[in-house]
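Trainee: Mind having a look at this structure? Questions to follow.
None of the figures in this text is laboratory data; all of them are computed from the coordinates on show. Note that this is a predicted model, so its numbers are computed, not measured. Every residue, glycine among them, receives a Cβ derived from its backbone with ideal geometry; neighbour counts consider all protein chains shown.
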Amino acid sequence: MKFLCVGAGFSCAVIARELAQSGHKVTVIDQRSHTAGNCHTERDKETNVMVHIYGPHIFHTNNETVWNYLQKFGEFMPYTNRVKAVSGGQVYSLPVNLHTINQFYGKTFSPKEAKAWITEQSDQSITEPQTFEEQAMKFVGKDLYQAFFKGYTAKQWGVSPTKLPASILKRLPVRFNYDDNYFAHKYQGMPKNGYTEIVDNILNHENITVQLNTPFDETMLSEYDHVFWSAPLDAWFKHQFGKLGYRTLDFEAFTDEGDFQGNAVINYCDEAVPYTRITEHKYFASWEQHEKTVCYKEFSRSCEDGDIPYYPIRLAEDQALLSQYENLANQAKGVSFVGRLGTYRYLDMDVTIAEALKTAQGVLDDLANNQAIQPFYFA
């Protein structure tokens with residue numbers, strides 16, 4: 001069959017590779033001038049630092065299948081994400097751990113003492129947290145919530161934490177030991193030569209044609225048997241019910257001599273500071289040596305026309321709109337929706353790759369059984 005993949009990020013790259021290896025012809029298009037989507041990396045001309053152009057992407061997973069799959073297309077180096085946070089004029093360690101608690105309260109708690117203290121601070125009257133704020137108050141109490149979560153979250157999402165679902169905070173653990181590894185996954189690392197090389201290697205197959213600087217046009221549909229759509233879900237339907245809400249990011253890049261902040265990621269938790277964090281990109285490749293450094297100040301805002309969407313908001317009004325688009329999508333013929341934008345869900349890289357592998361296998365199985373290709377392949 002002849003397939004068209006719209007978008008040259010991980011979702012479509014993996015699907016294209018799996019289908020190509022089974023003998024199908026796949027064309028991958030992207031309106032941008034590069035592959036790898038928002039994971040795109042390239043060398044900064046002034047400093048030679050490998051820069052994550054659309055903000056840092058740190059690979060972490062417990063999925064051994066995904067980890068082994070990526071190893072076939074590029075070398076990964078060990079990397080541990082140790083985030084710092086500035087709050088009220090002090091520098092702390094994130095995620096909230098025993099060191100953070102002791103420093104914040106001026107204590108020398110043992111793990112058991114810290115756990116008892118946090119239980120005392122937390123709002124135990126909240127049995128079923130519905131909002132981000134309620135979840136935080138139940139987890140860590142008012143002081144830590146206001147110091148590390150309230151302002152940062154308001155900047156990141158553009159709305160009060162009282163309007164965000166509690167599920168968002170489940171990604172942020174509290175630890176009663178001195179472990180400051182931001183992630184708790186078995187496999188963690190950074191690609192030695194950047195993500196773009198890996199995506200290019202995945203796309204490097206005789207049955208795959210890549211066309212960059214190529215926006216999707218409906219006239220293309222007559223040339224292909226099926227489309228995989230990793231662009232925004234509502235865009236496929238020409239926003240007929242209205243636009244789903246996405247957040248976008250603006251980056252203020254700057255260079256410096258030597259070392260700027262001494263760490264890859266420093267969050268700025270106070271709402272009065274307009275940016276959410278500063279990232280120093282040479283620290284994402286600690287095995288390299290550079291005399292200069294490149295940093296990004298990161299600002300989050302609502303996605304407007306012409307902006308690059310980064311992640312879905314999924315507030316109540318978006319959920320209602322989403323259900324209308326999902327109903328349309330489930331009836332659509334000749335298209336499958338994939339990835340963070342195509343399915344309007346917040347997905348980490350490992351989940352994106354796992355779902356792409358599952359989608360490709362589902363398509364191959366359906367074709368083998370003379371079944372129609374489905375619009376969605378995630379559970």
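Trainee: For the chain, just list the percent of Cα-Cα distances falling in each 20 Å bin from zero outward, please.
Mentor: 26, 56, 18, 0
Trainee: Could you order the peptides 364-377, 293-306, 151-164 from most to least packed, using the average number of other C-beta atoms within 10 Å per residue? Mind showing how you got there, number by number?
Mentor: Details: 364-377: 13.9, 293-306: 16.1, 151-164: 18.5.
Ranked from most to least packed, the peptides come out as 151-164, 293-306, 364-377.
Trainee: If you take the beta carbon distance between Asn370 and Lys2 as r and set R0 to 25 Å, what does 1/(1 + (r/R0)^6) give as a FRET efficiency, to the nearest 0.05? Provide the component values of the computation, followed by the final result.
Mentor: Working: r = 18 Å, r/R0 = 0.72.
With a Förster radius of 25 Å, E is 0.90.
Trainee: Next up: Tell me the GluC sites (Glu not before Pro) within region 203-247 that lie in a loop according to DSSP and have at most 13 other beta-carbon atoms within 10 Å.
Mentor: Numbers: sites: Glu206, Glu218, Glu223; in loops: Glu206.
Hits after loop and neighbour filter: Glu206.
Trainee: Still on this structure: List, in the order given, every pair from Lys243/Lys358; Lys72/Lys192; Lys45/Lys155; Lys112/Lys186; Lys150/Lys186; Lys115/Lys297 whose Cα-Cα distance in the structure shown is over 23 Å. Write out the running numbers ahead of the final one.
Mentor: Details: Lys243/Lys358 28 Å; Lys72/Lys192 13 Å; Lys45/Lys155 31 Å; Lys112/Lys186 26 Å; Lys150/Lys186 30 Å; Lys115/Lys297 34 Å.
Long pairs (Cα-Cα over 23 Å): Lys243/Lys358; Lys45/Lys155; Lys112/Lys186; Lys150/Lys186; Lys115/Lys297.
Trainee: Evaluate the distance, in nm, between pseudo-label points positioned 7 Å from the Cα of Glu42 and of Lys358 along their respective Cα→Cβ axes.
Mentor: Reported label-point gap for Glu42 and Lys358 is 3.4 nm.
Trainee: What is the distance, in nm, between label points placed 7 Å from the Cα along the Cα-to-Cβ direction at Glu304 and at Ala116?
Mentor: A separation of 5.5 nm, rounded to one decimal place.
Trainee: At most 11 other Cβ atoms within 10 Å and a DSSP loop assignment: could you name the trypsin sites (Lys or Arg not before Pro) in region 307-379 that fit?
Mentor: On the way: sites: Arg314, Lys333, Arg340, Arg345, Lys358; in loops: Arg314, Lys333, Arg345.
Those satisfying the criteria are Lys333.
Trainee: How large is the Kirkwood hydrodynamic radius of region 51-108, in angstrom, based on all distinct alpha carbon pairs? Display every interim value, and only then the final one.
Mentor: On the way: mean 1/r = 0.0686 Å⁻¹.
By the Kirkwood definition, the hydrodynamic radius is 14.6 Å.
Trainee: If you filter region 1-100 for trypsin sites (Lys or Arg not before Pro), then keep DSSP loop positions with at most 11 other Cβ within 10 Å, what is left?
Mentor: On the way: sites: Lys2, Arg17, Lys25, Arg32, Arg43, Lys45, Lys72, Arg82, Lys84; in loops: Arg32, Lys45, Lys72, Arg82.
Qualifying residues, ordered by number: Lys45, Lys72.
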